[in-house]
Every structure is written in structure tokens, then in C-alpha cells.
Amino acid sequence: MELHISSSATKAENFSSAQLFVDPTRHTTAPLVTGGSVVGIKCSDGVVIAADTLASYGSLARFQNFSRLMKVTDSCMLGGGGEVSDFQEIQRLLENLITKDFCFNDEHIQTPRSVHQYLGRVLYAQRSRLNPLWNSLLVGGYAASQSFLGVVDLYGTTFESEVLATGFGVLLGLPLLRKAYRPDLSINEGIKIVEDVFRVLFYRDARSINRIQVATATSAGVTISEPYSLETKWDFEGFVNPRSTYDESTW
Amino acid sequence: MASIGTGYDLSATTFSPDGRVFQVEYAQKAADSSGLTIGVCCKDGVVLAVEKILLSKMLLKESGRRVHLIDQHAILAVAGMGPDGRQLATRARQECEQYRNIFRTPMPGHLLAERIAGYVHVHSLYWHVRPFGCTVMIGTWELKQGPSLYMIDPSGSFYRYYGCAAGKGKQGAKTGLEKLDFRQLSCDDALLELAKLINAAHDESKDKPYEMEMIWIKSDTGKASLVPPYLIETVRQRAEQLAREEEMAD
Amino acid sequence: MWNASVVAVPATESIQRPDFMPYQNNGGTVVAIGGEDYCIVSATTRLGLGFAIPTRNVCRYSILNNRVVLATAGMFADTVTLHKVIKARVKIYEEQQDKPFELRSAAQLLSNTLYYRRFFPYYTFNVLGGLDEDGQGFVYGFDAIGSGEKVKVVCNGTGQALIQPILDNQVERKQQYENKQITNLSLEEALDLVKDVFTSAGERDIYTGDAVDICIITKQRGVFVETFQLKQD
């Protein structure tokens with residue numbers, strides 16, 4: 001009995017210091033300050049991506065005017081969700097990448113596709129070190145008369161599609177985007193669609209806000225709008241009196 | 001040069017009895033014997049220009065460039081040994097990147113100049129390194145400060161200028177620069193002034209042909225860029241024409 | 001005297017956070033059939049994640065040369081990376097040796113590449129198909145860490161358990177009620193079979209659906225790819 005107690009005590013004493021020596025670097029095992037969904041849609045003459053301006057600290061709406069969209073080059077834009085500090089690290093990497101091209105002055109610039117591929121490799125490399133950049137990223141762009149829209153996640157998964165969303169947007173937004181998508185959408189129609197998606201997200205995603213930014217990439221270049229608020233409507237029957245919908249649906 | 005051959009010029013680590021470091025002075029000679037390099041800080045930006053002597057007729061145009069982009073907001077021009085200048089350009093790029101990584105804002109010109117000057121300076125302190133055989137000009141543009149221009153010589157000393165010149169014919173160029181009104185001068189107008197100064201310094205009968213290189217940062221965009229070749233060609237022809245007219249008038 | 005420490009043990013252990021799990025299952029099913037003078041390598045295009053379908057159209061196969069095709073199910077990020085590695089090695093080989101990369105070499109390379117990561121595996125389930133040196137169709141199936149064998153027919157991925165028995169039965173004539181002779185399937189019959197098994201698997205496996213890319217490898221035409229639509233539900 002006594003032996004048992006003393007060995008446990010030794011274990012207890014060594015535990016915290018052993019932990020320090022085994023793994024002196026701390027990795028991201030959970031995100032702290034997070035951004036929510038990003039959605040994007042290809043249009044006939046460009047691409048639209050959008051994100052709300054909220055950076056949450058757990059369930060706290062911590063930073064309500066945080067821009068999650070970035071202009072990478074004149075033809076490429078980036079939207080990010082997930083860990084905010086990791087997103088800023090990614091922004092830094094891209095700035096350095098772009099500045100190197102700038103200094104070479106050989107007309108070579110990163111295309112949206114190459115930015116997407118680059119981020120895919122960076123995030124895959126980090127996840128392989130078990131120290132992921134905890135983000136979901138949307139890369140949009142318009143280069144050589146071609147629209148590009150791709151996504152990268154914290155595992156380094158990369159793929160392209162006509163409509164894309166991250167986070168809750170995959171569950172609540174993608175069906176709407178797929179329904180609304182046509183190859184001949186105009187940019188303004190595209191903006192309208194992503195606004196609708198964010199309205200729905202605001203109603204149902206508790207980590208969202210009705211203040212968004214929209215970025216577009218067209219032959220005229222990349223523009224990122226100032227943040228603006230979406231009109232919301234709360235007097236739907238189902239919102240006012242949730243019981244009224246019980247007959248038809250379970251949730 | 002009475003002191004040559006007295007043994008004090010073999011190492012940059014030894015002063016001569018009269019207080020000079022000959023190795024550094026020789027490096028300055030290397031910088032002074034190259035084509036004329038001029039920088040001007042205007043009311044709306046900063047412009048650097050180089051008279052790049054073409055050592056062979058077979059040289060491809062725009063090769064061996066002497067003006068370099070350092071960052072979105074910083075430029076550099078070299079008088080003296082091209083490779084030495086390129087190493088400083090590379091170093092300057094690293095400094096700018098490092099600064100941006102830490103402070104997330106473009107590197108201020110005075111810090112960039114100070115860092116590069118320090119780098120040049122340490123190369124004048126040790127026997128196992130050779131001083132840089134070049135003088136470099138650094139132009140930057142900042143949101144609050146606007147444009148600024150610095151020149152760093154092989155000793156590592158650096159100063160901020162309205163206008164500066166290095167290389168062959170720098171005396172004449174300096175005299176010309178002193179006549180300019182930098183409070184009024186715009187970058188666009190400066191191009192012609194620089195072309196005139198380089199043209200005046202160049203003796204066609206004696207010197208090898210040259211290529212004019214120009215780089216600038218203008219306030220309207222705050223972004224560095226090489227001056228487009230057609231603009232350089234225009235001001236160069238204009239400068240040559242003005243010179244001919246002047247000759248005729250005499 | 002020791003009591004305080006004894007109490008502290010479980011408390012200290014319980015504040016440990018779970019480590020990051022570096023794997024993700026994106027599903028997908030791959031099937032390969034080797035015939036007398038052809039080979040079929042096919043892969044679904046759905047990218048699944050939990051109960052969501054982030055996209056319906058990804059490419060899970062790589063044409064290594066005009067007689068070898070690789071198809072992979074499992075984690076998509078690993079799939080893309082593995083294909084990059086294999087394609088680069090094949091390219092280097094073909095540049096240096098100036099001859100096509102043989103099917104069996106590709107199988108060995110793939111096995112080595114997977115086993116190299118034995119203790120941090122690529123979460124991928126591969127099939128490799130093509131024509132061997134004699135022009136005969138053969139396929140290889142591998143697990144995530146490089147074990148594999150040369151066979152006539154194989155299925156890997158989330159639909160494996162649904163499809164493999166059917167392929168065994170139909171292609172290799174196994175478990176037949178009356179022991180029937182092995183008859184070689186023609187290309188057309190094999191194609192129909194592939195389409196059928198994917199359609200069936202799509203009914204029961206949520207990670208199989210949307211479409212299937214079918215690579216047909218013949219000596220005459222090289223690699224020819226067709227896409228067969230599946231249900232999107």
C-alpha cells in the first residue's frame with residue numbers, strides 16, 4: 001500500500017516537468033479566436049467571395065470588425081475562416097511571396113491557381129508536422145479570362161468548384177449556392193446570392209454576424225467592399241411562434 | 001598617393017599613421033570609376049538614374065541591371081561593382097522582409113539605410129572580408145514622410161540627400177543638381193534633368209556607349225517601378241537634342 | 001504526507017488536451033479490372049466529409065503514362081500529395097532512362113513510397129492498373145502502408161466491402177452455385193460491370209456517388225477516360 005502511494009506521488013511530481021521536456025513546443029490543438037464561414041461563387045465574368053467581419057473568442061463575439069478577405073494580387077483574392085492568428089500568418093507568407101515576384105520584375109505574377117496550390121502545400125506540410133494552420137481558405141480570382149475558385153483546409157485538402165463554402169457554410173450555404181448557380185450569372189447576381197447565403201447563416205449559425213464584406217475578381221481586377229450590414233427579417237411565423245412549425249418539421 | 005607602398009594598404013584592419021584606411025579608399029575608387037549614378041528626391045517621389053556603360057556591343061539590352069526593386073516602397077541603384085551592389089540589394093530585400101514580418105508595416109527609409117550602411121561598414125573592419133566596391137543609393141516612399149533618398153559609400157557612412165551623385169563625372173552632376181529646385185521639381189520633370197546630367201557627363205568621343213537606366217517611386221501610387229523604356233528613350237533623345245542645340249548656339 | 005500528491009494525479013492527467021488528428025476520411029471508391037488486352041481503372045469523384053459533400057467533382061486518378069493509371073481512395077489531401085510524388089518519380093525515371101515506366105515498376109515504386117511512411121502513413125487506398133510488358137491487363141491493390149498484390153480485379157475504398165465480392169463472383173467466377181468455367185470478360189462486358197457495381201454501391205455507401213471516372217487502357221488507344229454519372233443523393 002505504501003509502495004503504491006509513493007510511486008504515484010513520484011509520477012505526479014514528474015508529470016508536469018516530463019511533459020515540458022518531451023514536447024517543449026506547443027502546437028495548435030484547438031483554435032482560439034476564430035472566423036466563421038466564407039462562401040464563393042463563380043460568375044460568367046468573374047468570381048465573388050464573401051465573409052462576415054466577426055472574429056469569435058469561443059462563444060464571445062470578440063472582434064466585430066475584423067476583415068477576413070485579402071487582396072493577394074490584381075487577379076487573386078483570399079478569404080479565410082478558422083484561427084485568426086494562423087490566417088494572419090498566411091497573409092504574411094503571401095505578402096512575402098508577392099513581394100519576391102515584385103522585386104524580380106520579370107512580369108511573372110502568381111495566378112489564382114498557383115496561390116491555391118501554394119497554400120495547399122503550406123497547409124499540408126504544417127498538418128504533416130502535426131502543427132496545423134487551423135484555417136479553411138477560399139481562393140478566388142480571374143486571370144487570362146478564366147474564373148478560378150478553390151478551397152484549402154487545415155489538412156491541406158485542395159479542390160476547385162463553381163460554388164464553394166467553408167465552415168457552417170458547407171451545411172447551410174452550399175445547397176443554396178448549388179441551387180442558385182448558373183454559368184451565366186452576372187457579378188451582381190453573384191453578390192446577391194452570397195448575401196442571401198450570409199443572411200441564412202446569420203439566422204442559424206451562432207458564430208456569425210450580419211456584417212459582411214464582398215470581394216470580386218473580374219477583368220477590372222480585385223475589389224474588396226467596405227463592410228456593410230445585411231437587412232434581416234425576424235417576423236417569420238416560424239421565428240415568432242416556433243410551435244407553429246411543429247406539424248411539418250421536427251427541427 | 002605618397003603613402004602607397006608603405007604597407008598600410010594591405011588590410012582594412014590597419015590605419016595608416018595619418019589616420020586613413022587605404023583599402024576602403026580603394027573601394028571608393030572602384031565606385032567612382034563606374035558610370036554616373038544620380039538620385040533626386042522630388043516633391044512627389046524619388047528617382048534614381050544610372051549611366052550603364054556597355055562594355056561590349058554584343059551585350060543584350062537590359063541585362064546586368066544596376067537599378068533594383070527592394071520592396072513595394074523601396075528602390076536601390078548601384079555605382080561601382082555590379083555584383084557587390086546586387087548583394088546589397090539582396091540584403092536590403094531581406095531587411096525589408098524581416099522588418100515587415102516583425103512590424104507588419106513597410107520598413108522606414110532611414111532604418112533601411114542604417115541597416116545597409118551597418119552591413120557595408122562591418123565589411124571594412126575585418127581582414128578576412130573585402131569592403132564593398134560600390135556606392136549605393138536607396139530611395140524609399142512612406143505614407144507619412146513621403147519620399148526620401150540616401151547614399152551609402154564603401155566606408156559605411158550614409159547621408160540623406162535632396163540630390164546625390166556617384167561614379168565618373170559626379171562633380172559635374174553635383175553642380176548641376178545644386179541648380180535644381182527640389183521643392184518644385186516633379187518626378188516627371190526630373191527624368192529630363194537626370195538625362196541631361198548623364199548626357200553632359202558622357203563624352204561620346206572618349207567613352208564607350210551607355211544605356212540609361214531609371215527607377216522611381218511616385219507619390220500617386222507609392223509603389224516602386226522601373227521607369228518604362230519608352231519614357232527613358234524619350235528623355236534621352238530630348239536631352240541629346242538640347243545638348244546639340246546648345247552647341248549650335250555657342 | 002503523500003495524500004495531496006495522490007489526489008493530484010488524476011487531476012493533472014485530465015487537463016491534457018487531445019492532440020491534433022492529422023487524418024480525414026473523404027471516402028471514395030476505386031475499382032480496377034485487368035482483361036486479356038485491356039485494363040479498366042475507375043474512381044468516384046465525390047469528396048465526402050462526415051455527412052456533407054463539399055464537392056462532387058474531384059479527380060482521384062492519375063495517368064502515369066499511356067499504359068499505367070493510378071487511382072486512390074481515402075484522404076484527399078494525402079491522395080493529391082501521393083500522386084504528386086509518384087508522378088514526379090515516374091517523370092524523372094522516364095527522362096533519365098528514356099523508356100516507359102512499366103506497370104510492375106510502378107507497383108514497386110508505389111509500395112516503397114507507401115511503406116516509407118510506415119509510421120505516419122498516407123491514408124490512401126490505391127489501385128494501380130495497366131498493361132504489363134506482354135500487353136496483358138493486370139491490376140494491383142494496395143493497403144495504406146504498401147502491402148499489395150498483382151490480381152485480375154480489385155476494389156478499394158469505402159465501397160470495397162460492397163463491391164469486391166461481386167467482382168470476385170463475376171470476374172473470377174468465384175462462389176458460383178455451379179462451378180462455372182472462368183470466361184474472360186470482353187471490354188464491353190467489363191465496362192458494364194464497372195458501371196453496375198458503382199451504381200449499386202452508390203445506393204448503400206454515402207461516400208460513393210455523383211460520378212465515376214473510368215480510364216480504359218488499351219494498346220491501340222492508350223488511356224481513354226470517360227465519365228459515368230451516378231446519383232447525387
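Odds and ends about this structure:
- Residues of type aspartates and glutamates that residue A:71 reaches as a straight line, Cα spacing below 12 Å, ignoring anything fewer than 8 places off in the same chain: A:95
- Calculated on the alpha-carbon coordinates, the convex hull of the stretch B:1-58 measures out at 167 cubic angstrom per residue.
- Among B:25, B:193, B:62, residue whose mean-square fluctuation peaks in a GNM of chain B (springs only between Cα atoms under 10 Å): B:62
- Rounded if a/c under 1.5, otherwise prolate or oblate - the stretch B:84-131, Cα gyration tensor axes: prolate
- Sites residue B:207 and residue B:103 - FRET efficiency at Förster radius 45 Å, r taken between beta-carbons, to 0.05: 0.50
- Distance in nm between pseudo-label sites at residue B:110 and residue B:238 (7 Å out along the Cβ direction from Cα): 3.4 nm
- For chain C, the relative contact order is 25 percent, taking Cα pairs closer than 8 Å that sit 6 or more residues apart in sequence and dividing their mean separation by the residue count.
- Figure legend: label point modelled 7 angstrom from the Cα of residue B:10 along Cα→Cβ; residues of the stretch B:123-138 with amide N under 20 Å from it are B:124-131.
- Nearest-ten-degree value, helix A:187-204 long axis tilted from longest Cα axis of chain A: 40 degrees
- Counting Lys and Arg as +1 and Asp and Glu as -1 over every other residue whose Cβ lies under 10 Å from the Cβ of residue A:78, the net charge comes to +2.
- Taking only Cα atoms of the protein assembly as shown, radius of gyration then Dmax in Å: 33.9, 116
- Per-selection Kirkwood Rh - the stretch B:33-127 (Cα, Å, 1 d.p.): 14.8 Å
- Low-density loop positions, GluC sites (Glu not before Pro), the stretch C:132-233 - DSSP coil, at most 15 other Cβ in 10 Å: C:133, C:172, C:178
- Using C-alpha pairs under 8 Å with a sequence gap of at least 6, the mean separation divided by the residue count of chain B gives a relative contact order of 27 percent.
- Stokes-Einstein diffusion of the stretch A:38-231 at 25 °C, 0.890 mPa s viscosity, Kirkwood radius from Cα pairs, rounded to a whole number: 148 µm²/s.
- For the pair residue C:19 and residue C:221, a Förster radius of 41 Å applied to the C-beta separation gives a FRET efficiency near 0.25, rounded to the nearest 0.05.
- Put simply, the stretch B:70-221 fits an ellipsoid with semi-axes of 26, 22, 13 Å; these come from the alpha carbon gyration tensor as the roots of five times its eigenvalues, largest first.
- For the stretch A:38-231, averaging the sequence separation of C-alpha pairs within contact (under 8 Å, six or more residues apart) and dividing by the residue count gives a relative contact order of 32 percent.
- Neighbours of residue A:167, meaning other residues whose beta-carbon lies under 14 angstrom from its beta-carbon, give a summed charge of -1 when Lys and Arg score +1 and Asp and Glu score -1.
- Relative intensity, log₁₀ I(q)/I(0), of the stretch C:49-196 from a Debye sum that treats every alpha carbon as a point, q = 0.14, 0.15 Å⁻¹: -0.75, -0.85
- For the pair residue A:182 and residue A:107, a Förster radius of 41 Å applied to the C-beta separation gives a FRET efficiency near 0.70, rounded to the nearest 0.05.
- Kirkwood hydrodynamic radius of the stretch A:43-93, from the reciprocal of the average inverse Cα-Cα distance over all distinct pairs: 12.2 Å.
- Euclidean distance between Cα centres, the stretch C:153-187 to the stretch A:110-175, Å: 39 Å
Read-outs: derived from the displayed coordinates by stated rules, not from any lab. Worth saying up front: this structure is predicted, and the values here are computed from it rather than measured. Methodologically, a virtual Cβ is constructed for each residue, glycine included, from the backbone with ideal geometry; neighbour enumeration extends over all protein chains shown.
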